[in-house]
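The structure appears right after this line, and notes come after that.
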Amino acid sequence: APAIAQAGLAPDRVIHVEAGDEKAVLACFEEGLRHGGLGAVIGEVAHLSMTASRRLQLAAEATRTIGLAVRRWRRQTEAGDFGQPTASATRLRVSALPSVPLPVPGLGRARWLVELIRAKAGESADFEVEACDAKGCIALPSKVANRSPQKEVWRRVASA
């Protein structure tokens, strides 16, 4: 529970379910989405067929519940359906990035590249994010967070 609290979630407001196999995980995932009283449902699956993803998408739409299917493969053989289409409205890919070197010896904050690969009626995009900052929130790297958007747009227009 300490990790849940560190992520900003109240442990007494989180329901954790473990299932015996992937079929049971998908059944629990769908049931959670259909309940309608949950803020979000997260399920970790290795394989997600178009049919299963469509059932999850319809359940999420019906109850307006956020559903996140985390597809993390523990073995290379499980990654066989990487890139296969799903019925999800949004698709993200998260990859690890090297941490920024610190001025003193030690490990820097973890960083990730979050790629918005598919967005229903939207554009794709990439984001670099860092592990929790001093306030306990996921943060944009300082070079991105502190820049002025107007100057960036002006620079692009001026150089065109």
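Only the coordinates and a few stated rules stand behind these numbers; no lab work does. Bear in mind that the values here come from a model prediction, so they are computed numbers and not experimental data. Cβ: placed from backbone, ideal geometry, glycine included. Neighbour counts: every protein chain shown.
Averaged over residues, the count of other Cβ atoms within 10 Å places the peptides 97-105, 45-53 in the sequence 45-53, 97-105, highest first. From the C-alpha coordinates alone, can you work out the Kirkwood hydrodynamic radius of the range 1-75, in Å? Radius from the Kirkwood sum: 13.1 Å. Separation of the range 97-119 and the range 17-96, taken as the distance between their Cα centroids, equals 26 angstrom.
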